[in-house]
Amino acid sequence: MKIFLDDQAWGDVREARVPRGWRVAVNFAEFKALIEESYETGDKVEAISFDNDLGEGSGELIEGVEIMKWLSERYPEIFRPEVEITVHSENVEAKRNMLGKIKFWQERVDELIAAKDRPDPWNELKVK
């Protein structure tokens, strides 16, 4: 499964914005449903392309970077190298931030996976 997250990927715009063969999510609920579907059906996620500025005009003001954070906490294995994760956001600052987070999570994917099943991994951090 390939997932294209973009709030403007619907109607007439869809054909121009969405690569052929990709599933579209226009908000967090749809994105979450596609991720859960992939786990339920065994249809592995091959690629995800993120937009950041979601929900303008819809009342839903969650950003793509927040969805990425949710993904890193709930399904960190998605950040393994075999999954292609890209950002197509036109927001330059957000794109830079998101690419940095992707790199960070990809470099620490095994740690993220190990932390996922612990009750409170943040309390394990020692503050000096």
As an exercise: evaluate S38 against (1) in contact (Cβ under 8 Å) with a residue 40 or more places away in the chain; (2) assigned to a helix (DSSP H, G or I); (3) hydroxyl-bearing (S, T, Y) and give the number of the one condition it does not meet.
(1)
Report the residue count in region 25-45 for those that are of a type in the set (A, V, I, L, M, F, W, C) and either under 14 Å from R74 (Cα atoms) or at pLDDT 95 or above (or both).
6
Just to be sure, is F50 under 26 Å from R108 (Cα atoms), in contact with a helix residue (DSSP H, G or I) (Cβ under 6 Å, 6 or more places away or on another chain) and modelled with pLDDT of 90 or more?
yes
Just wondering, is there one or more residues in region 101-108 that are of a type in the set (S, T, N, Q) and either in a loop (DSSP other than H, G, I, E, B) or touching a residue at least 40 places away in the same chain (Cβ under 8 Å) (or both)?
no
Top-ranked residue in region 104-128 [being of a type outside the set (D, E, K, R) and over 21 Å from the mean Cα position of the chain (by Cα); ranked as modelled with the highest pLDDT]
P119
Exactly one condition in (1) modelled with pLDDT under 95; (2) exposed (fewer than 13 other Cβ atoms within 10 Å of the Cβ); (3) under 16 Å from V109 (Cβ atoms) is false for S58; which is it?
(3)
What about V92, is it surrounded by 15 or more Cβ atoms within 10 Å (Cβ to Cβ), aliphatic (A, V, I, L, M) and modelled with pLDDT of 90 or more?
no
Could you list, in sequence order, all residues of region 72-87 that are crowded, with 16+ Cβ neighbours inside 10 Å and either touching a strand residue (DSSP E or B) at 6+ places or on another chain (Cβ under 8 Å) or farther than 18 Å from V109 by Cβ (or both)?
I78, F79, V83, I85, V87
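The values are calculated or read from the model by the stated rules, or taken from the named source; none is laboratory data. Worth saying up front: this structure is predicted, and the values here are computed from it rather than measured. Cβ coordinates were reconstructed from backbone atoms using ideal geometry, including for glycine residues, and neighbour counts include every protein chain displayed.
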